[in-house]
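The values are calculated or read from the model by the stated rules, or taken from the named source; none is laboratory data. All of these numbers come straight from a predicted model, not from anything done at the bench. As a convention, Cβ positions derive from the backbone with ideal geometry for all residues, glycine included, and neighbour counts pool all protein chains shown. Just so you know, the surface numbers come from the protein's heavy atoms only, side chains and all, with ligands and any DNA or RNA stripped out. Shrake-Rupley method; radii C 1.70, N 1.55, O 1.52, S 1.80 Å.
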Amino acid sequence: MIRVDRSIVLQVVNFVALVFLLFRFLFKPVVKALDRRSQLIKGELQKIAEEKETLEKMKQSLLEEKKNLKEEYVRTIDQARLEAAKIKEEIVREAFEEGEKIRKEYEKRAKKEVEKLFSTMKEEMVNVAEEVIKKFLQSQITPEIQTQIIANMFEEAMKQLEAVMEVGHGQRND
Amino acid sequence: MDRETIRVVSPLPLTEEQRDIIREKLSRVVKTGLFSIEEEVDPSLIGGIVVFFRDMIIDCSVKTQLQRMKEAILRD
């Protein structure tokens, strides 16, 4: 048979009191602390997840920007190539036009020079011919020929003079 | 009536025949017939004559004919 003495009762009371005190002053604060700690960790994890998301977005944005920049770079290079081709074409065209202008100018000058040369040659040839003809005629004109020249040329001149004088006389009479 | 003096320039001295021809032709324009010829020799004329009549110069010289031909050739 179990003997219930006073010490056992005291031990039970003591134990119950201890449990109560432990529950009251140790278990609850520990649970609360653990809850707070858990909440804190949850918050941190949430923050990390949010930051990760933000970083992911930033990464996507940067990737997009990189892609755009690459496209822009390609477009700019293409545009620059086109512009360079246009400028080259323009320079070549201008150079060709300038060349044509210079060529035409030189052709014009050359033509003028040739014309001038021909004119000078013609004049010189005519002068030489004139001198030769003069010398030839001087050696060939005899008094008889001179008489013939006077008779013919002076007759012609006199006819013209008579006509002029008649016109003048007629006008005076009118 | 004053006698007109008409100057005639020729490359050679005028012969009597030439003088007669000139006189005969000039008398057609000098109605009075009162004129004298003043002769001058200029060998550069080559042939023909140049007559200075009143205020006119009647140029019938070979030199002038050649000059006209030359000008015509150079003009073309």
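Some observations on this one:
- Scanning the stretch B:19-40 for residues that are touching a residue at least 12 places away in the same chain (Cβ under 8 Å) and within 12 Å of another protein chain (Cβ to nearest Cβ) returns B:Arg19, B:Ile22, B:Arg23, B:Leu26, B:Val29, B:Val30.
- Subset of the stretch B:6-21 [assigned to a helix (DSSP H, G or I) and open to solvent by 10 Å² or more (accessible area, probe 1.4 Å)]: B:Glu16, B:Glu17, B:Arg19, B:Asp20, B:Ile21
- Search result, residues across the stretch A:157-168 that are surrounded by 11 or more Cβ atoms within 10 Å (Cβ to Cβ) and modelled with pLDDT under 85: A:Met165
- Qualifying positions in the stretch B:45-76 - more than 8 Å from chain A (Cβ to nearest Cβ) and touching a helix residue (DSSP H, G or I) at 6+ places or on another chain (Cβ under 6 Å): B:Leu45, B:Ser61
- Residue match in the stretch A:111-123 (condition: hydrophobic (A, V, I, L, M, F, W, C) and either within 11 Å of chain B (Cβ to nearest Cβ) or under 30 Å from B:Val62 (Cβ atoms) (or both)): yes
- Flag if A:Val126 is among the hydrophobic types (A, V, I, L, M, F, W, C), surrounded by fewer than 12 Cβ atoms within 10 Å (Cβ to Cβ) and not in a loop (DSSP other than H, G, I, E, B): no
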